[in-house]
Amino acid sequence: MAQTRKKRRRKHRGTQAGTIERSGRTGSPRTRGEAKEISRERRAQRLDRPPTLKGAAQRAAAAAAIFGVLIVGLFGRSPAQGAFIAVFMFVIYIPLGLATDKAIYNFRQRRKARAGSK
């Protein structure tokens with residue numbers, strides 16, 4: 001016998017209480033051009049935010065951890081020495097990373113101001 005109910009085209013899951021959560025948008029699907037435009041806007045918004053100490057500290061922590069592991073693994077130092085060097089590098093990386101981020105941010109802002117004034 002032929003199926004009378006129309007199958008749904010979008011995935012959604014229901015809970016035991018009967019509520020339905022739909023994944024993503026409920027309107028028409030995004031075209032490739034719209035997706036590219038949204039992506040460009042999000043990137044521009046991300047690059048227009050000034051650098052923060054928190055972001056610099058997070059990158060410094062990741063870099064220092066990798067550095068500590070490499071010191072222990074490649075150079076055969078003790079884990080205590082690797083940890084000490086990693087902490088030292090963490091302290092060094094924070095201001096260096098923040099200064100680099102600020103320089104790049106200021107460069108982009110100046111370039112954006114020059115392009116807007118023309």
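Throughout, read-outs are computed from the coordinates displayed, never taken from laboratory work. Bear in mind the structure is a predicted one, so any value in this text is a computation, not a measurement. Heads up, the Cβs are rebuilt from the backbone with ideal geometry, glycines too, and the neighbour counts pull from every protein chain shown.
Values for this structure:
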quantity	calculated
Within straight-line cross-link reach of K112, lysines at Cα separation under 19 Å, skipping those fewer than 8 residues along the same chain	K102
Charge tally in the Cβ shell below 13 Å around R46, where Lys, Arg are +1 and Asp, Glu are -1, R46 excluded	+2
Label-point separation, Q45 to R108 (7 Å along Cα→Cβ), nm	1.4
Anchor K7: aspartates and glutamates whose Cα lies under 18 Å away (excluding residues fewer than 8 positions away in-chain)	E21
Residues V69 and K36, FRET efficiency given R0 of 25 Å [Cβ-Cβ distance, rounded to 0.05]	0.05
